[in-house]
Amino acid sequence: MAFSHKEIKKYLVLIILAGCFFIGDRFLKILALNLNSEKVLIKDWLEFYLVKNSNGAFSLNYGFDIVWLAIIIIVIALIWLRHALQKKDFLRSLALIILVLGALSNIYDRLIYGAVIDYLVLVNLSIFNLADCLIVMAAGLLLISERDAKQKN
């Protein structure tokens, strides 16, 4: 599995970009933890404040410790990532790296704080964080990757 210089650059940019999103999420979580009051980002639409989510995605209660499920998903994603890298499937690799980093950030919260740190509030709609955005984006990219793979065959 030898990569060309151009492919190495492309994957390096991917890793740096995904890492920036991960670091940005961690920074915003620390900011939310230290914030004393609600901040309105866009009037009547988007707010920034701390919400500790002890449930799962979309605040659903699954009835079991979600950390173990997330760890299993990360292990499967890493195995899938290895396969995608061997096939030089850039889009799938991108999606899996983003998925793993988003999941790791939220698992870290659960282990350290006992709940996921959410901070972005779409008024009357949803509460989430940047890691959640990464996970949803990864799911979309995986769907696109699967569609593209089926169209090639």
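The values are calculated or read from the model by the stated rules, or taken from the named source; none is laboratory data. Owing to the predicted nature of the structure, the values given are computational and were not obtained by experimental measurement. Note that each Cβ is placed from the backbone with ideal geometry, even for glycine, and that neighbours are counted across all protein chains shown.
What pairs come up if the first residue lies in the range 84-99 and is on the phi > 0 side of the Ramachandran plot and touching a residue at least 12 places away in the same chain (Cβ under 8 Å), the second is part of a helix (DSSP H, G or I) and surrounded by fewer than 18 Cβ atoms within 10 Å (Cβ to Cβ), and their beta carbons are under 7 Å apart, counting only those six or more places apart or on different chains?
Lys88/Glu7
Of all the helices (runs of 4 or more DSSP H) wholly in the range 48-153, which have at least 3 residues that are more than 30 Å from Ile8 (Cβ to Cβ)?
Correct list: 66-86, 90-113.
In this structure, is Val136 surrounded by 13 or more Cβ atoms within 10 Å (Cβ to Cβ), modelled with pLDDT of 90 or more, on the phi < 0 side of the Ramachandran plot and touching a helix residue (DSSP H, G or I) at 6+ places or on another chain (Cβ under 6 Å)?
On the way: surrounded by 13 or more Cβ atoms within 10 Å (Cβ to Cβ): yes; modelled with pLDDT of 90 or more: yes; on the phi < 0 side of the Ramachandran plot: yes; touching a helix residue (DSSP H, G or I) at 6+ places or on another chain (Cβ under 6 Å): no.
So Val136 fails the test.
How many residues does the range 1-47 hold that are part of a loop (DSSP other than H, G, I, E, B) and in contact with a strand residue (DSSP E or B) (Cβ under 9 Å, 6 or more places away or on another chain)?
4
Being surrounded by 11 or more Cβ atoms within 10 Å (Cβ to Cβ) and of a type in the set (A, V, I, L, M, F, W, C) is the filter; apply it to the range 9-19 and report the residue that is modelled with the lowest pLDDT.
Only one residue fits best here, namely Leu14.
Within the range 81-93, is even one residue over 27 Å from Lys6 (Cβ atoms) and among the small types (Gly, Ala, Ser)?
Just the residues of the range 81-93 that are over 27 Å from Lys6 (Cβ atoms), to begin with: none.
The answer is no, given that none of the residues of the range 81-93 is over 27 Å from Lys6 (Cβ atoms) and among the small types (Gly, Ala, Ser).
Residue check, Ile79 against (1) surrounded by fewer than 16 Cβ atoms within 10 Å (Cβ to Cβ); (2) within 24 Å of Ser37 (Cβ to Cβ), all met but one. Which one?
That leaves (2) as the condition not met.
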